[in-house]
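Student: Handing you a structure now.
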Amino acid sequence: MRIDIITVLPELLQGPFSASILKRAQDKGLAEVHLHNLRDYSVNKQKSVDDYAYGGGAGMVMCIEPIDNCITSLKAEREYDEVIYMSPDGEQLNQSISNRLSLKKNLILLCGHYKGVDERVRQHLITREISIGDYVLSGGELAAAVVTDSIIRLLPGVLNDETSALTDSFQDNLIAPPVYTRPAAYKDWTVPAILRSGDLKSIEKWRHDESIERTKERRPELHKKYSK
Ligand code: SAH
């Protein structure tokens with residue numbers, strides 16, 4: 001899978017993709033993440049990518065032309081399944097969206113800045129808008145990093161234990177059961193005996209019951225979906 005991220009601040013994104021699971025996925029050739037500096041597609045000498053808003057008011061708006069140039073040049077090289085604009089008023093990211101996106105081949109993520117992008121970008125150049133939550137960030141880069149991480153960890157072969165992503169929270173509308181590691185007793189806080197029993201069937205049942213209890217307690221709206 002290939003993800004192209006269009007940004008005015010590529011340096012903000014270099015960190016997240018150069019460590020841990022995201023780096024390993026790229027080293028293994030399972031995912032490619034390419035960063036594109038929007039300024040390289042600017043049409044003027046100052047390399048500017050934003051301008052004053054029509055109608056006045058505070059805040060600059062990102063111009064359509066550099067964005068169109070960048071998307072067009074990427075599309076000339078390959079077909080894209082989705083061109084996604086990171087936007088606080090987009091569809092809110094959840095596990096099922098990440099699962100579906102992880103089956104795609106080529107994605108473009110467009111990061112906005114300032115007041116956002118000229119509305120014509122949203123009307124004509126993109127296929128989808130994703131938000132990572134009801135709060136406003138100063139740019140789309142951190143949101144694009146969140147989306148990319150949530151997708152790449154699902155690709156077969158990226159996580160060492162292939163079943164690991166399937167037992168994470170939100171798969172099947174349940175949240176994950178509690179986990180413990182050594183020591184078995186710390187101060188007088190002990191690990192539930194069942195987990196040390198070696199009885200795999202009972203352990204599996206215990207984990208499932210805990211998942212259901214936790215979901216009921218912490219996320220009643222998910223539990224309703226699960227029990228349907
Ligand atoms: N004026 C806009 C906010 C612009 S914030 C509004 O009120 O809706 C600048 C950029 O940050 C946006 O263009 C978007 O790309 C990104 N961004 C901010 N919050 C985000 C969120 N919750 N999810 C995804 N992207 C976000």
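Student: Scale the Cα Rg of the chain by the rule-of-thumb value 2.2 N^0.38 Å and send over the ratio, two decimals.
Tutor: Values: Rg = 21.7 Å, N = 228, 2.2 N^0.38 = 17.3 Å.
With N residues counted in the chain, Rg over 2.2 N^0.38 Å equals 1.25.
Student: Could you go through the range 122-129 in sequence order and give the Karplus-derived ³J(HN,Hα) for each residue, using 6.51 cos²θ - 1.76 cosθ + 1.60 with θ = phi - 60°, rounded to whole Hz, and x for Gly and Pro?
Tutor: Using θ = phi - 60°, the values come out as 5, 6, 10, 10, 10, 10, 6, 10 Hz.
Student: Give the carbon-plus-sulfur fraction of the accessible surface of the range 169-227 in %, rounded to a whole number; probe 1.4 Å, heavy atoms of protein chains only. Let's see the in-between values first.
Tutor: Working: 2420 of 4650 Å².
Ligands and nucleic acids excluded, carbon and sulfur give 52 percent.
Student: Name the GluC sites (Glu not before Pro) in the range 119-195 that are in a loop by DSSP and that have at most 15 other C-beta atoms within 10 Å, would you?
Tutor: On the way: sites: Glu119, Glu129, Glu141, Glu162; in loops: Glu162.
Listed in order of number, the matching sites are Glu162.
Student: Give the angle, between 0 and 90 degrees and rounded to the nearest 10, that separates the Cα long axis of helix 141-152 from the longest principal axis of the Cα atoms of the chain.
Tutor: Approximately 50 degrees, to the nearest 10.
Student: Separate question: Figure the gain on full extension for Asn69 and Gln171 (residue separation times 0.36 nm, minus the Cα-Cα span) and round it to one decimal in nm. Could you put the intermediate results ahead of the total?
Tutor: On the way: separation 102, 0.36 × 102 = 36.72 nm, distance 3.83 nm.
Using 0.36 nm per residue and subtracting the Cα-Cα distance, I get 32.9 nm.
Student: Follow-up question, since we're still on this one. Using a probe radius of 1.4 Å on heavy atoms only, what accessible surface per residue do you get for the chain? Whole Å² is fine. Walk me through the numbers before you get to the answer.
Tutor: Details: 13700 Å² over 228 residues.
Dividing the accessible area of the chain by its residue count gives 60 Å².
Student: Compute the length gained on full extension between Asn160 and Arg2: take 0.36 nm times their separation in residues and subtract their Cα-Cα distance, giving the result in nm to one decimal. Each step should come with its number before you reach the end.
Tutor: Details: separation 158, 0.36 × 158 = 56.88 nm, distance 2.04 nm.
That pair, Asn160 and Arg2, stretches by 54.8 nm at full extension.
Student: Using R₀ = 25 Å, calculate the FRET efficiency as 1/(1 + (r/R₀)^6) where r is the Cβ-Cβ separation of Lys228 and Arg196; round to 0.05. Please report the intermediate quantities before stating the final value.
Tutor: Numbers: r = 35 Å, r/R0 = 1.39.
Plugging the Cβ-Cβ distance into 1/(1 + (r/R0)^6) gives 0.10.
Student: While we're looking at this one, here's another question. Show me, for the range 92-109, the HN-Hα J-couplings you get by feeding each phi into the Karplus relation (A = 6.51, B = -1.76, C = 1.60, θ = phi - 60°), rounded to Hz, glycine and proline as x.
Tutor: Taking θ as phi minus 60°, the curve returns 6, 4, 8, 4, 5, 5, 4, 4, 5, 5, 5, 8, 7, 9, 10, 10, 10, 10 Hz for the range 92-109.
Student: Something else about it: Taking the Cα-to-Cβ direction at His124 and at Glu217 and moving 7 Å from each Cα, how far apart do the two end points lie in nm?
Tutor: Distance between label points: 5.5 nm.
Student: Which longest run of the chain has no exposed loop site in it, a site being chymotrypsin sites (Phe, Trp or Tyr not before Pro) in a DSSP loop with at most 11 other beta carbons within 10 Å, and the site itself not part of the run? Don't jump to the answer; show the numbers that get you there.
Tutor: Numbers: sites that count: Tyr54, Tyr135.
So the longest stretch without any such site is 136-228.
Student: Moving on. What is the sum of charges around Asp4, taking Lys and Arg as +1, Asp and Glu as -1, for the other residues whose C-beta is under 14 Å from the C-beta of Asp4? Numbers along the way, then the final one.
Tutor: On the way: positive: Arg2, Lys75, Arg78, Lys104, Lys105; negative: Glu32, Asp40, Glu77, Glu79, Asp81, Glu82, Glu141.
So the surrounding residues net to -2.
Student: While we're here: How much length, in nm to one decimal, is gained on full extension between Ala53 and Arg24, taken as 0.36 nm per residue of separation minus their Cα-Cα distance? Don't skip to the end; give the middle numbers.
Tutor: On the way: separation 29, 0.36 × 29 = 10.44 nm, distance 4.22 nm.
Contour length minus the Cα-Cα distance gives 6.2 nm.
Student: Roughly to the nearest percent, how much of the accessible area of the range 2-152 is carbon and sulfur, given a 1.4 Å probe?
Tutor: Details: 3880 of 7810 Å².
Here it works out to 50 percent.
The values are calculated or read from the model by the stated rules, or taken from the named source; none is laboratory data. No experiment lies behind these values; they were computed from the predicted model shown. Heads up, the Cβs are rebuilt from the backbone with ideal geometry, glycines too, and the neighbour counts pull from every protein chain shown. Keep in mind that these areas ignore ligands, DNA and RNA; they rest on the heavy atoms of the full protein, side chains included. Shrake-Rupley method; radii C 1.70, N 1.55, O 1.52, S 1.80 Å.
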